[in-house]
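Let me begin by presenting the structure, written as structure tokens, before commenting on it.
Computed from the coordinates by the stated procedures, all read-outs in this text should not be read as laboratory data. If you're wondering where the values come from, they're calculated on a predicted model, not measured in any experiment. As a convention, Cβ positions derive from the backbone with ideal geometry for all residues, glycine included, and neighbour counts pool all protein chains shown.
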Amino acid sequence: MATVAPPVPSSSSTIRGVQPLRAGQGNSFLWRKLHSLSGIVPIGAFLVEHILSNFEAIHGPLAYAQQVKFLNSLPLVRVLEWAFIFIPLAFHAGYGVFIAFRGRSNVNVYPWAGNWMYISQRVTGLIAFVYIIQHVWRQRFAGVSLPDHPGAAFAKVQHELANPWMLAIYVIAMVATTWHFAYGIWLFAAKWGITPGEQARKKFGYVCAAIGIALCVMGLWGMWAFVGPQYQNAPADVLPAQSSRLVLPAPTDLMQRAMASERTGNAK
Amino acid sequence: MAAKTIKVEIKRQSGPDGAATVEKFEIPYRPNMNITSLLGEIACDPVTVEGKATTPITYDSNCLEEICGSCAMLINGKAKMACSALVDKLNGDGSGTITLAPLSKFPVVRDLSVDRSVLFQNLKAVKAWVPIDGTYDLGSGPRQFPQLQEELYPLSNCISCTICMEVCPQFNDSTNFVGAATIAQVKLFNNNPTGAVLKAERLRALAGDGGVQECGFAQNCVEACPKQLPLTEAISDVSRDVMFQQVKDFFVR
């Protein structure tokens, strides 16, 4: 019998190409799950709030100003803003970019619906990422401070959207962001084992599509208030300036007269 | 009139470190061929279309009936089993060229043969077996309800062909994702009444780097699987179980 030495098996440590599972090692599970969860709460919840609040613009500059004033008068609003918006958003964005660039999309070879949605989630995420950086800078930090001057909110946004290029960016970003959120809910349910079955995933897909379309339409409708004919040339500020410090109301004529009559009454 | 032929273009590589080249072949048409019989036909007379004598094509195959899982390759650019890829269906009117290439995400051994041992490393890492080895007869196992059997049987159909991994955008040397096949086997063995003894260990393994969390739910696996395994359902279920295990470990371990 011919004796042929068996080929040396490729040892587990020197395997080429994609490496085996690092069973039980590393923290990527925690980070990946936090990324997934942060997209729903608090970021998704904030997106819904943001679109609902901006929808108030359809009732005009004063209603919009009162909405901005209400949000800025929430207790510990600056803490809320950093803890539930800026920090989770920065993490979701940063880790999301990391995830996006580690994937190797092959939709050119396998043009299936799920594969298109896979690449769409990455593209819409990147669009939202770039948009949100300029949006937060230009609307929250640059220009007139809206926490101090909520009455200036309508004019500030109106001025921004008066530029047709900026308007186009806002429309694209609105579609991309609501798409990313709607498919994100669907992905969350699928990947956390909430909708494992094929039928469940299909049905929930319709629910998510409805949520996404509703949010997108509301967002675009809200934008229309700023660019449409109804509220053109809104006043620069429709409310008095707000101060975070406690300030006694300025005495009015009526109050002064009442106080004066009280004093004279006491003198009698 | 010239006899009908089948044109084939094959990406070849003499060894793991060799340079890849493409060789063209044209072989006489026969009805009802599959890709493995096409490769066998080339092996009978390995001469390229330019008339140059060459070596027979190296490829993996065994059962020729989509059971052993060894003959997965890129056929017209897409990952398929060579045994169940029929030339008449691929070729249409016969004027086109069939292209063959090795799976792109596994190291090439030679020509169309690739090293898919990463799947077996992964199956070992999650203990994808029912632990019954011992020094004495353990007797018969616990009974399974037919409903459970029906749920698990499709998962037992996995042939380890690695097509689900090849088509996955997340399975690459950056994520080193474990792939759908291993996750589906975790569901199979976790739900086996005897295999369930290793459930927690499997779920902890799958929470490691490259584990179930790397899935991006592109769902290519379930589209491409030649055995129609419910892979996305398995990923969803196992993902939830891994999550519960992690939360439980966090609080009680």
Once R0 is set to 22 Å, what does the formula 1/(1 + (r/R0)^6) return for the Cβ-Cβ distance between A:Phe70 and A:Ala162, expressed as a FRET efficiency to the nearest 0.05? 0.25
Rounded to the nearest 10 degrees, the helix A:113-135 long axis (Cα) sits at an angle to the longest Cα principal axis of chain A of 40
Across bins of 10 angstrom width beginning at 0, how are the C-alpha pair distances of the range B:117-252 distributed, in whole percent? 12, 43, 33, 11, 1
For the range A:127-142 and the range A:60-99, what is the separation of their C-alpha centers, rounded to whole Å? 12
Using label points projected 7 Å from each Cα along Cα→Cβ, tell me how many nm separate B:Cys63 and A:Trp137, to one decimal. 5.9
Average beta-carbon neighbours from other chains, 10 Å sphere, peptide B:167-175: 6
Volume in Å³ per residue [convex hull over Cα atoms, computed for the range A:32-236]: 129
How big is the antiparallel share of DSSP beta bridges in the range B:5-114, given as a percent to the nearest 5? 85
Run the dipole for chain B about the Cα centre, Lys and Arg Cβ at +1, Asp and Glu Cβ at -1, nothing else charged, and hand back the magnitude in debye, nearest 20. 260
Each label point is 7 Å from the Cα along the Cα-to-Cβ direction; what then is the distance between the points at A:Asn233 and B:Lys89, in nm? 7.0
Working from Cα positions, state the angle (0 to 90°, nearest 10) between the long axis of helix B:35-44 and the longest principal axis of chain B. 50
Ranked by GNM mean-square fluctuation in chain A (Cα springs under 10 Å), the top entry among A:Gly24, A:Gly143, A:Gly228 is A:Gly24
Using R₀ = 60 Å, calculate the FRET efficiency as 1/(1 + (r/R₀)^6) where r is the Cβ-Cβ separation of A:Leu34 and B:Ala19; round to 0.05. 0.85
Please report B:Ile183, A:Ile58 as a ranked list, fewest other C-beta atoms within 10 angstrom at the top and most at the bottom. A:Ile58, B:Ile183
Can you give me the angle between helix B:231-252 and the longest principal axis of chain B, using Cα atoms only, in degrees from 0 to 90, rounded to the nearest 10? 30
Cα centroid separation - the range B:87-160 against the range B:226-248, whole Å: 17
Can you pull the three principal axis extents for the Cα set of the protein assembly as shown, in Å, largest first? 133, 70, 41
Report, ordered by chain and residue number, the lysines lying within cross-link reach of B:Lys199, taken as a straight Cα distance under 22 Å and ignoring same-chain residues fewer than 8 apart. A:Lys33, A:Lys191, B:Lys124, B:Lys127, B:Lys187, B:Lys248
In peptide B:112-120, how many Cβ atoms from other protein chains are near each Cβ within 10 Å, on average? 3
May I ask you to list the chymotrypsin sites (Phe, Trp or Tyr not before Pro) in the range B:117-205 that are in a DSSP loop and have at most 16 other Cβ atoms within 10 Å of their Cβ? B:Trp129, B:Tyr136
Once you place label points 7 Å from the Cα toward the Cβ at B:Thr48 and B:Asn32, how far apart are they in nm? 3.4
Ranked highest first by the average count of other Cβ atoms within 10 Å around their residues, in what order do B:45-57, B:207-219, B:236-248, A:105-117 fall? B:207-219, B:236-248, A:105-117, B:45-57
Any idea what the dipole of the protein assembly as shown comes to, in debye rounded to 20, about its Cα centre with Lys/Arg Cβ at +1 and Asp/Glu Cβ at -1? 1100
With just the Cα atoms defining each centre, how far is the range A:162-227 from the range B:45-83? Give it in Å. 45
Give, rounded to the nearest 20 debye, the magnitude of the charge dipole that chain A has about its Cα centre when Lys and Arg contribute +1 at Cβ and Asp and Glu contribute -1 at Cβ. 780
Provide Rg and Dmax in Å for chain B, with only Cα atoms included in the calculation. 21.4, 79
What is the average number of partner chain Cβ atoms found within 10 Å of a Cβ in B:200-207? 3
Lysines whose Cα lies under 22 Å from that of B:Lys11, excluding same-chain neighbours fewer than 8 positions away: B:Lys24, B:Lys52, B:Lys78, B:Lys80, B:Lys89, B:Lys105
